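The values are calculated or read from the model by the stated rules, or taken from the named source; none is laboratory data. Remember, it's a predicted structure, so these values are computed and weren't measured experimentally. Quick reminder, even Gly has a Cβ in these numbers, built from the backbone with ideal geometry, and neighbours come from all protein chains shown.
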Amino acid sequence: MSLKNTLAPFSAWMQAFSKPFTVPDEPGVRPGAPRYRGWHINDRETCIGCGTCAEICQNVAIDMVPVDEPTKGDSGLRPKVDYGRCCWCALCVDVCPSGSLAMSNEYVWVDHDGDAFRYTPGVDEKPWDGAELGWRKDEGFDIVDHERVPMGHLDPEERIHTWAEVVVGYTEEEARREAARCVECGLCVAACPAHMHIPDYIAAIRDGDDVRALNVIYDNNSMPEMCGKVCTRRCESVCSIGVNGDPLAIRWLKRYVTERFDDLKSVLDVDVERVGEGRKIAVIGGGPSGITVAYYLAIRGFEVTIHEALPQLGGATFFGIPKYRFPMPSLEKQIKLLEDAGVKIVTNHRVEGDELRRMLEENDAVFIGTGLMKPYRLGAEGEDLPGVVYALDLLRDKNIGREVEVGERVVVVGGGNVAIDAARVSRRLGAEVTIAYRRRIVDMPADDEEIEDAEAEGVEIIPQAIPLRVERTDDGRLDFVWGPAEMVPSDRGRPRPKLIEGVEHHMVVDRVIVAIGQSADHSWMPPDIAEKVADAKGWITVDHNGMTGHRGIFAGGDLVNDTADAISAIADGLRAVEGIQRFLGILPEREETEPEIPVITVR
Amino acid sequence: MQFDSIEEILDFAIGKEMEAHDMYMDIAGKVKRPGLEKTFLELAQMELGHKARLEQVKAGDLSGFAAGEVQNLKISDHLVDVKPHPNMDYQEALLFAMKAEQRAHDLYVDLARATSDPGLRELFKGLAKEELKHKLFFETEYDDVILEGN
Ligand SMILES: Cc1cc2nc3c(=O)[nH]c(=O)nc-3n(C[C@H](O)[C@H](O)[C@H](O)COP(=O)(O)OP(=O)(O)OC[C@H]3O[C@@H](n4cnc5c(N)ncnc54)[C@H](O)[C@@H]3O)c2cc1C
Ligand code: SF4
Ligand code: SF4
């Protein structure tokens, strides 16, 4: 061993007495840099529990934990961060669609309890809650594109001269680009009445696998092309991307996939047990609820017959919704699938008299989805004059192919989808159209896009207009007399219109189209059965299986739910599909914890 | 119409409530629509409630009367009256009830106008207000159910 090596430990010791090169310790902790990525903070109120932060975290440092009761558009979960795993990359902050998640610039924290380093920001109180400094998503920066791929529409001037579809539809490239915006949080699934597997089919579209997307869609919706065109899209209203940007165009993506395939049977890969062999089901009413029941029971081996009063299935989506929104070939394709599944379709057959009783004897169960077919009356003087018509009749006549005339000038009374459809159809028939609505435009139950489209097509909307009477003019036209309304507060929510007396406005028109609403008509049922299933308003109450107060009679659609749209009718149909199987002992009774509208798949 | 005392007026009003009760009972026995019989029976029951309230007033308890202003939505004012018939539906039932309450209200307003006795006038006004309250009940239902989309 050399002398140098022998003395080395002593010379190292000598260094201990020389001036240090490092900066001496300062009292206290130095503050983090202004944009330091320290402990997380979360605004509990703004966070929607979408879980996108947990999804993106590469270290699996975030768990979503229940904190509040789930509500529409909020899962009630909040992210809990495990600092044994977190590497402070801030990806979670950068992706957070609501912008609720951030990081403080605090980084020092001493605790003897290791578990303390797993906490739920915004829920478990911390000294750095509300910190001004730290890491925030940069203004205008987002990992996810906030802008929706725009949808092409026919020019309004062109539209009113044609019955062609107004919406053009996405190209393949546009659909893939739009689908890539989805963060797959799934908030939309809870909001969709039928609980469609939305993130799954959007992911399949993004991946270029349209066949998979179509199969996922048909898991629990057998009229998706209709929904892809006219759905009220409750899903989009809760989309997490919509909090700070445009929600995903879920409806248009569904439309894109369903339009791609003409022969559905050859693409759909149905694999469910035929548990219903030898059992018979009668469905009364061929609307979306009836079609849903028929399809999902038929593929399970049940012998299903649909009885429909009109010459075509589809219900209000056939006789009500105009063809420029939902064209006939789209509907026919979906009916063809029903036939391919083995459903027996009897059209032009209104079930009446004692038939229901007979059907109950000859079938294992009966489903009623006869909708709301009776328009409410205007109730004002002059209603019975020729030229005062009901929107439902007008739309039905047009859709069935009858000659329909509305003259040069039309007033539509009402503010829902039916009123808007009647107005836009009248525009296409060549009339100048005004909508008279009792409340404010914000109160209109019609879809905002529909209202915009109608206005773009030249429909004038007069809000707070109360119809007073209709009179005949000397030259055989109609004088629609209305009065202005003031809005008065109500203890039950939206304010109510009240007539301002002493002012009358006159509008000379050729047609007054009444579209104030519709109710159920049960005059086709034997009275003793009607008494058991329906109330005075015509509504039918069902249990968690979709069964009415009469054993073996199930019901769904507009006469059961209070949302009266196509997807809710489909959801009611799905409930009855499971309910009928439970009633017949094929499926076990529903557990308390199971959702009432089942989440089903047929693959 | 001539009344000599408050008692007489209240007896008249109580008689009117009984008439309304009997009329609703009669219609309940005739309507065919499921559930509507129950609706009319409930209406008849309600009239008995009104009658009881008036009896309270007769016994000297004025708290039975509607206090404060009663909202008048004026929905029924420009709607056409309907005649009860066996195939009535819910809309017609509401229309009928609104109109009946409107008529009762108008009657008391006329009586209040016709009398010169300030005490009687106040009583008639109170009765008119009661009827307006009943009308408001049906008008609210009409606004919520029938006119939901309008
Ligand atoms: C003009 C209009 C526009 C609409 N627009 C939209 C929209 O944009 N988006 C949306 O989601 N929803 C829309 N809706 C509502 C939607 O169409 C309905 O919610 C849905 O169709 C209800 O389905 P259902 O199963 O209750 O039956 P319905 O569609 O109401 O169909 C009931 C069927 O039963 C038949 N029937 C009745 N009685 C008998 C009998 N005794 N025997 C045999 N058959 C009988 C009828 O002929 C009818 O075909 C619209 C409705 C209308 C009228
Ligand atoms: S991504 Fe944002 S909004 Fe979604 S759960 Fe995480 S913190 Fe909440
Ligand atoms: S569509 Fe919107 S709500 Fe649905 S999973 Fe995608 S990001 Fe979430």
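General remarks:
- Residue within region B:69-84 that is more than 13 Å from chain A (Cβ to nearest Cβ), modelled with pLDDT of 85 or more and assigned to a helix (DSSP H, G or I) present: no
- Residue match in region A:464-482 (condition: under 23 Å from the mean Cα position of the chain (by Cα) and among the acidic types (Asp, Glu)): no
- Among the numbered conditions (1) surrounded by fewer than 24 Cβ atoms within 10 Å (Cβ to Cβ); (2) in contact (Cβ under 8 Å) with a residue 60 or more places away in the chain; (3) not in a loop (DSSP other than H, G, I, E, B), the only one that A:GLY458 does not meet is (3).
- Filtering A:ILE205, A:ILE284 for residues that are among the hydrophobic types (A, V, I, L, M, F, W, C), in the same structural domain as A:VAL304 (by TED's automatic domain parsing) and touching a residue at least 12 places away in the same chain (Cβ under 8 Å) leaves a single hit, A:ILE284.
- Filtered residues of region A:199-241 (kept if in contact with a Pro (Cβ under 6 Å, 6 or more places away or on another chain) and within 16 Å of ligand 3 (Cβ to nearest atom)): A:ILE217, A:GLU236, A:CYS239, A:SER240, A:ILE241
- Single residue of A:GLY585, A:GLY552, A:GLY517 found to be under 23 Å from A:HIS349 (Cβ atoms) and either modelled with pLDDT under 90 or not aromatic (Phe, Trp, Tyr) (or both): A:GLY552
- Against the test of being of a type in the set (Val, Ile, Thr), free of Cβ contacts under 8 Å to residues at least 40 places away in the same chain and surrounded by 16 or more Cβ atoms within 10 Å (Cβ to Cβ), the options B:VAL57, B:VAL82, B:VAL31 yield a single qualifying residue, B:VAL82.
- The residues in region A:489-520 that are outside any strand (DSSP E or B), on the phi < 0 side of the Ramachandran plot and surrounded by 13 or more Cβ atoms within 10 Å (Cβ to Cβ) can be counted, and the count is 5.
- Pairs linking a residue in region A:228-251 that is touching a residue at least 60 places away in the same chain (Cβ under 8 Å) to a residue that is of a type in the set (Phe, Trp, Tyr), with Cβ atoms under 6 Å and 6 or more positions apart or on different chains, are A:LYS229/A:PHE326; A:VAL230/A:PHE326.
- Residue in region A:169-183 that is away from ligand 3 (no atom under 16 Å from the Cβ), assigned to a loop (DSSP other than H, G, I, E, B) and not assigned by TED's automatic domain parsing to the domain that holds A:MET103 present: yes
Okay, residues lined up against (1) crowded, with 18+ Cβ neighbours inside 10 Å; (2) at pLDDT 95 or above; (3) within 16 Å of ligand 3 (Cβ to nearest atom):
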{"position": "A:ALA8", "(1), (2), (3)": "no, no, no"}
{"position": "A:TRP39", "(1), (2), (3)": "yes, yes, no"}
{"position": "A:PRO70", "(1), (2), (3)": "no, no, yes"}
{"position": "A:ASP74", "(1), (2), (3)": "yes, no, yes"}
{"position": "A:VAL81", "(1), (2), (3)": "yes, yes, no"}
{"position": "A:VAL108", "(1), (2), (3)": "no, no, no"}
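- Within the set A:PHE302, A:PHE319, the sole residue that is within 9 Å of ligand 1 (Cβ to nearest atom) and more than 14 Å from every other protein chain (Cβ to nearest Cβ) turns out to be A:PHE319.
- For region A:236-260, the set of residues classified as closer than 28 Å to A:ASP138 by Cα, away from ligand 2 (no atom under 16 Å from the Cβ) and crowded, with 24+ Cβ neighbours inside 10 Å consists of A:ALA249, A:ILE250, listed by residue number.
- Which listed residue is surrounded by fewer than 16 Cβ atoms within 10 Å (Cβ to Cβ) and within 16 Å of ligand 1 (Cβ to nearest atom), from A:ARG325, A:ARG274, A:ARG358: A:ARG358
- Single match in A:ILE198, A:ILE202 (criterion: away from ligand 2 (no atom under 16 Å from the Cβ), more than 14 Å from the chain's Cα centre (by Cα), at pLDDT 95 or above and not acidic (Asp, Glu)): A:ILE202
- Any chance A:LYS398 is within 14 Å of chain B (Cβ to nearest Cβ), touching a residue at least 12 places away in the same chain (Cβ under 8 Å) and of a type in the set (Lys, Arg): no
- Of the residues making up region A:568-602, just one is in a helix (DSSP H, G or I) and either within 16 Å of ligand 2 (Cβ to nearest atom) or touching a Lys or Arg at 6+ places or on another chain (Cβ under 7 Å) (or both), namely A:ARG582.
- Residues that are among the β-branched types (Val, Ile, Thr) and part of a loop (DSSP other than H, G, I, E, B), drawn from region A:521-567: A:THR541, A:VAL542, A:THR548, A:VAL560, A:THR563
- The sole residue among A:MET1, A:MET14, A:MET103 that is more than 16 Å from ligand 3 (Cβ to nearest atom) and at pLDDT 90 or above is A:MET103.
- No other residue among A:GLU592, A:GLU501 is out of contact with any helix residue (DSSP H, G or I) (no Cβ under 9 Å at 6 or more places or on another chain) and more than 23 Å from A:TYR295 (Cβ to Cβ) apart from A:GLU592.
- Complete set of residues in region B:129-150 that are under 10 Å from the mean Cα position of the chain (by Cα), buried (at least 21 other Cβ atoms within 10 Å of the Cβ) and either more than 30 Å from A:ALA436 (Cα to Cα) or within 14 Å of chain A (Cβ to nearest Cβ) (or both): B:GLU130, B:GLU131, B:LEU132, B:LYS135, B:PHE138
- Among the residues of region B:93-116, the ones that are within 8 Å of chain A (Cβ to nearest Cβ) and either in contact with an Asp or Glu (Cβ under 8 Å, 6 or more places away or on another chain) or among the acidic types (Asp, Glu) (or both) come to 1 in all.
- The one condition from (1) in contact (Cβ under 8 Å) with a residue 40 or more places away in the chain; (2) outside the structural domain of A:GLU405 (by TED's automatic domain parsing); (3) away from ligand 1 (no atom under 16 Å from the Cβ); (4) hydrophobic (A, V, I, L, M, F, W, C) that A:MET547 does not meet is (1).
- Residue check for A:SER289: in contact with a strand residue (DSSP E or B) (Cβ under 9 Å, 6 or more places away or on another chain) and either among the hydroxyl-bearing types (Ser, Thr, Tyr) or in a loop (DSSP other than H, G, I, E, B) (or both): yes
- Residue check for A:GLU308: at pLDDT 95 or above, within 12 Å of ligand 1 (Cβ to nearest atom), away from chain B (no Cβ under 14 Å) and in contact with a Gly (Cβ under 6 Å, 6 or more places away or on another chain): yes
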